[in-house]
Amino acid sequence: MSSPVPGPSYRAVMRVTGAHRFLIPALLGRSSYGLVSLALVLSVVHATGSYAHVGVVGGIFGATVAALSPLRARLIDRHGPCAALPPMAVLFALALLGLAVTTWSGGADLGVLVALAVMAGACAPPLGPVTRSLWSHLIADRALLQRAYSLDTVVEELIFLGGPLLLGALLPWWPPPIGLVVGALLVSTGTWGLVTSPVARSMSRRSPESPSAPAPAPGTDATPRPVARGGLLTAVALSGAAGAALGAAGLVNVAFAEQHGRVEAVVFLETLQTAGGVVGGLVYGAVSWRAGARARLVLISLALGGGVAAAAFAPGVAALSAVLFVVGVVGAPLITTSYLLADESVTADRRTRAGNWVNTAYNAGSSVGGAAIGVLLTLTPPGAAYTMAGGVLVVVTAAALPFSIPRRRVRPLRGSSGAVPSATSARRRR
């Protein structure tokens, strides 16, 4: 990951023709996800007064989102965002409104809540993977695409920081289900704006897997590449391991703060880590790295695992704050690089699915890591838990090291008329 060189600015990303037209509504729609999860928890508590019901409804919602995520991504790759996204957004919004109505006055039936949670989870539109797929469709230059993905990662950090703040501003005036209503409005408005953008319509018309699309010519981006599986598997594996490490660390932060008698400092710790993600994402995206995406991802993963493990040596909350800021600085580039590696490892007709697998792996890893560390914290102190959380990522990364070494290209014999283009030349034509 050494030898960085100057690259295009973020201003160049925003000057790309058509970027504003799909980016602004996409961010509006994605902001609903920073709001809905917490609003659902508070709404179920408001309606039933039972944390057991919260666990059931929230768990089923999250599990359904993750389990059906690959299917939704495949539908988008096959039919294009303009055809696949609107039905998902409408059903998702209706499910959120149904949950809001059911929980507004209290006394909600658990079976009804579960049914609506399943409907919401099954239909949640994957606006994040679609946004990144649109960037990849719009931008051919890899350095400029890295800026776009870095900017996307930073914005996602801010979304999940701002969502709870927005809900907190609404709660003095309305009951918790208002967050579900606002989430439904945001996802509906944002999806409509995204699918009516020229970039989304162009991507839908050219969807290589669409039944009405013309067959791609041999050697184009739709032709499978032999290195696709290894790159995608590396991105998915390291994204999942990073999610597990960070998901576990989030719970250990609470135990650490409680151990030092400062539980209220957890919000400050989370905020600092998010701020580190913003800084790291912007700085990382502003540089064109000479090392390949797979090698960079391995090095960043080692750094992140080491950073999480290093939190074990923090003597107090102030020192832990500094460590978590650095963890955030490293964490955002890891997500950006995972998406870049996944994108360059597959053909155009699989980009949404590839990005979605990275996203799903991270979320699943976060859930598993949080659950596992919760059990571990009953047996070990927070310091040991930090070491184990970071160690998981280091071990998985070490296993991926052999696959990060670039393959030597074999040059065709001079004068050969039937030589197959190299992977590098194929990427230039994409």
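The values are calculated or read from the model by the stated rules, or taken from the named source; none is laboratory data. These numbers come from a predicted model, not from an experiment. Virtual Cβ from ideal backbone geometry, glycine too; neighbours counted across all protein chains shown. All accessible areas refer to the heavy atoms of the entire protein, side chains included, with ligands and DNA or RNA removed. Shrake-Rupley method; radii C 1.70, N 1.55, O 1.52, S 1.80 Å.
Rolling a 1.4 Å probe over the protein heavy atoms of segment 1-142, with every protein chain left in place, gives an accessible area that is 70 percent carbon and sulfur. Modelled this way, with points 7 Å down the Cα-to-C-beta line, the labels at residue 378 and residue 259 are 1.8 nm from one another. Between the residues 362, 292, 303, the greatest Cα displacement towards the positive end of the dipole of segment 281-371, with unit charges on the Cβ of Lys, Arg, Asp and Glu, is found for 292. Modelled spin labels at residue 12 and residue 112, positioned 7 Å past Cα toward Cβ, are 5.6 nm from each other.
Take segment 45-136 with all the other protein chains still there, run a 1.4 Å probe, and you get 37 Å² of accessible area per residue. Packing-based ranking of 383-396, 125-138, 305-318, 102-115 yields 125-138, 383-396, 305-318, 102-115, ordered from highest to lowest mean Cβ neighbour count within 10 Å. Compute the distance from the alpha-carbon center of segment 333-383 to that of segment 165-203, in whole Å. Each part reduced to its Cα centre gives a spacing of 25 Å.
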